[in-house]
Amino acid sequence: MLVADAASFGGPPLGLLAVRTGTRWSLPGPRHEAEQGRALATPWVPLALAAAEAWRQGEAGAQADAEAARLLVDRLRTAAAGVDDVEVLGHEVDRLPHVVTFSALFADGEALVDELARRGLAVASGSACTSSVLRPSHVLAAMGVLTHGNLRVVLPLEAVSPGRAADVERLCAALPEVVREVRRRMGTEGL
């Protein structure tokens, strides 16, 4: 089974449920006899076709999108490494093309996220696996790397965010000042 939102790959806002032929499954909730318990609403075929076309186009451009994302992440890695006491995590080459994680010593990750959000930039902190818990990433801790002041940037597909290159440049430009400001507020600047 596959559950997805077509908007995540550049399609329309449509929830998708794909069930392989021969897979046993049951729709949760009460069954409606008129629909034989399988569908709660009549499918809107044009929207489903638009989602399928977005998937097809995304697959066709996946390699080029990944290459562009890798260059943007390289730019982010360089900018983050240029900030005092910031450690860029992960392998330089053998990595996902659209994800970068770095940690800023003497800064709180959530404070960094909030300060960047005030500037219109969306990033995350902590563990991607348990994003609702405000704790350092257990994965980073297990790797023995700095977990305090952690930031995780995941670039969306260009079809979803055509301005992602400009956003990356804004993040690169804002990062030194944001880290400095958060450290100043925490009283850790210059340690």
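Label sites at Arg119 and Leu96, each approximated as a point 7 angstrom past Cα along Cα to Cβ, lie 2.4 nm apart. Mind running the shape call on region 149-191? Use the C-alpha gyration tensor, a ≥ b ≥ c as the square roots of the eigenvalues: rounded below 1.5 for a/c, prolate if a/b tops b/c, oblate otherwise. Because a/c hits 1.5 or more and a/b exceeds b/c, region 149-191 counts as prolate. Computed from the Cβ-Cβ distance with R0 of 25 Å, the FRET efficiency linking Val45 to Ala7 stands at 0.85. Residue-wise HN-Hα couplings along region 59-66, as the Karplus relation 6.51 cos²θ - 1.76 cosθ + 1.60 with θ = phi - 60° gives them from phi, are 5, 5, x, 4, 5, 5, 5, 5 Hz; Gly and Pro carry x. What is the spin-label model distance, in nm, from Arg184 to Arg20 if the labels are put 7 Å beyond Cα along the C-beta direction? Label at Arg184, label at Arg20, 5.6 nm between them.
No value in this document is a laboratory result; all are computed from the given coordinates. Quick caveat: nothing in here was measured; it's all calculated off a predicted structure. Note that we place each Cβ from the backbone using ideal geometry, even for glycine, and neighbour counts take in every protein chain shown.
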